[in-house]
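The values are calculated or read from the model by the stated rules, or taken from the named source; none is laboratory data. Only a predicted model underlies this, so the values are computations on that prediction, with no experimental measurement involved. Positions of Cβ are generated from backbone atoms using ideal geometry, with glycine treated the same way; all protein chains shown enter the neighbour counts. Heads up: the accessible areas ignore ligands, DNA and RNA and are worked out on the full protein's heavy atoms, side chains in. Shrake-Rupley method; radii C 1.70, N 1.55, O 1.52, S 1.80 Å.
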Amino acid sequence: QVQVVESGGDLVQPGGSLRLSCAASGSIGDISNMGWYRQAPGNERELVAQITSGGRTNYADSVKGRFTISRDNAKNTVYLQMNSLKPEDTAVYYCNCDIRIRSVFTFRTYWGQGTQVTVSS
């Protein structure tokens, strides 16, 4: 009933920029928190950035000042602008949305399938 789909991953050189997008679709009533996580090989999945429905943001220390999360509530879409990319940013990036389906009163967390970001020269 609900799909969450990321896009925008790519191979980029150190110091470069990328913009990830994540769109939720289906029978959506409300979306509260939206966020981005990442997982590098051999590592646990970690929070990168999160944004509330009111626009409050939270970032991992490792990306503060370089990444910016934003959302378009009319499009049910969250973005991650990544600047000054480093090799250690290489990972699969996952979108995470807390969604209430129409006619249901509770929220549930949905994950996208992930998009690969590789930072290498």
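For the reader, a short list of remarks on this structure follows.
- Only one of the numbered conditions (1) closer than 28 Å to Gly26 by Cα; (2) over 11 Å from the mean Cα position of the chain (by Cα); (3) not small (Gly, Ala, Ser) is violated by Tyr79, and that is (2).
- If the condition is being surrounded by fewer than 21 Cβ atoms within 10 Å (Cβ to Cβ) and either part of a strand (DSSP E or B) or not polar (S, T, N, Q) (or both), then region 19-30 contributes Arg19, Ser21, Ala23, Ala24, Ser25, Gly26, Ile28, Gly29, Asp30.
- Among the candidates Arg38, Arg108, residue that is open to solvent by 20 Å² or more (accessible area, probe 1.4 Å) and of a type in the set (Lys, Arg): Arg108
- Residue selected from region 66-98 under the condition over 25 Å from Gln3 (Cα atoms) and part of a helix (DSSP H, G or I), by the criterion least open to solvent (accessible area, probe 1.4 Å): Asp89
- Residues of region 1-15 that are more than 15 Å from the chain's Cα centre (by Cα) and surrounded by fewer than 15 Cβ atoms within 10 Å (Cβ to Cβ): Gln1, Leu11, Gln13, Pro14, Gly15.
- Test set (1) closer than 20 Å to Thr118 by Cα; (2) surrounded by fewer than 21 Cβ atoms within 10 Å (Cβ to Cβ) - Ser53 fails condition number: (1)
- Take the conditions (1) in a strand (DSSP E or B); (2) in contact (Cβ under 8 Å) with a residue 24 or more places away in the chain; (3) of a type outside the set (Asp, Glu); Pro14 misses just one of them, which is (1).
- Options Asn33, Asn58; residue that is polar (S, T, N, Q), part of a strand (DSSP E or B) and open to solvent by 60 Å² or more (accessible area, probe 1.4 Å): Asn58
- The number of residues in region 41-50 being among the charged types (D, E, K, R) and either assigned to a strand (DSSP E or B) or surrounded by 13 or more Cβ atoms within 10 Å (Cβ to Cβ) (or both) comes to 2.
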